[in-house]
Amino acid sequence: MKSMKMKAQQGFTLIELMIVVAIIGILAAVAIPAYQQYTLKARFTEVVASTSALKTGVEVCAQNGSCVTSGALAGISAGVGDIPAVPASTAVLASVAIGDTGTITATATTANGLNAQTYVLTPTLNSTTAQVTWATSGSCASGSPKLC
């Protein structure tokens, strides 16, 4: 009988390498856009967080009645009474404003991939319980990706 020598495999075949490259390409095509959306949303959280002190101020003044006229929110001004001053602008936050009826508008900058999206909070007062509920709107809620 003739003896056959078995040769051990020395490496990967071309088709195996091509399959691995294709898989990595597909994963990268999905992962990169998802990562970009994630980073934009992470940056926009600073804009959303900048409104929290003003929201609390509106809720406090509604509870104690200092900004309630005829069962509705009125006479609200930043830095007056229970309402704190608006936060300063940052690299991500362009401005924050509060209206006479408690509507809060925060605007992002045009830097860092943000396009001056707005985040608008509109309060509704339950005159019986003095509870304030907030409706969210603004350009951050439309478009792609949705940031708020």
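Where a number appears in this text, it was derived from the coordinates with a stated rule and is not lab data. No experiment lies behind these values; they were computed from the predicted model shown. No Cβ is skipped: glycine too gets one built from the backbone with ideal geometry, and neighbour counts run over all protein chains shown.
Need the full-extension length gain, Lys41 to Ala72, defined as separation in residues times 0.36 nm minus the C-alpha distance. One decimal, nm.
Contour length minus the Cα-Cα distance gives 7.8 nm.
Helix 52-64 versus the longest principal axis of the chain: what angle, 0 to 90°, nearest 10, using Cα atoms?
30 degrees
Residue by residue, what Karplus-based ³J(HN,Hα) values in Hz, rounded to whole numbers, does segment 102-113 have, using 6.51, -1.76 and 1.60 with θ = phi - 60° and x for Gly and Pro?
x, 5, 10, 10, 10, 10, 7, 7, 9, 8, 6, x
Run lengths n ≥ 4 of DSSP H only: what is the helix-derived mean residue ellipticity at 222 nm for the chain, with -39500 (n - 2.57) per run over all residues, to the nearest 500?
That comes out to -11500 deg cm²/dmol.
What is the calculated FRET efficiency for Val80 to Val30, with r their C-beta to C-beta distance and R₀ = 35 Å, to the nearest 0.05?
0.10
Please sort 32-41, 104-113 by packing, taking for each peptide the average over its residues of neighbouring beta carbons within 10 angstrom, highest first.
Result, highest mean first: 104-113, 32-41.
With the crude spin-label approximation of a point 7 Å out along Cα→Cβ, what separation in nm comes out for Val20 versus Thr128?
Spacing of the two 7 Å Cα→Cβ label points: 6.9 nm.
For segment 1-104, what relative contact order do you get, as a whole percent, if you take Cα pairs closer than 8 Å and at least 6 residues apart?
22 percent
For a protection proxy built on the mean count of beta-carbon atoms within 10 angstrom, sort 43-49, 74-80 highest first, please.
43-49, 74-80
Taking the simple approach of a point 7 Å from Cα along Cα-to-Cβ for both Ser144 and Asn115, what is their distance in nm?
Output for this residue pair reads 1.2 nm.
Which whole-Hz ³J(HN,Hα) couplings does segment 129-146 yield from phi under the Karplus relation 6.51 cos²θ - 1.76 cosθ + 1.60, θ = phi - 60°, glycine and proline marked x?
9, 6, 8, 9, 10, 10, 9, 9, 8, x, 5, 5, 8, 10, x, 10, x, 6
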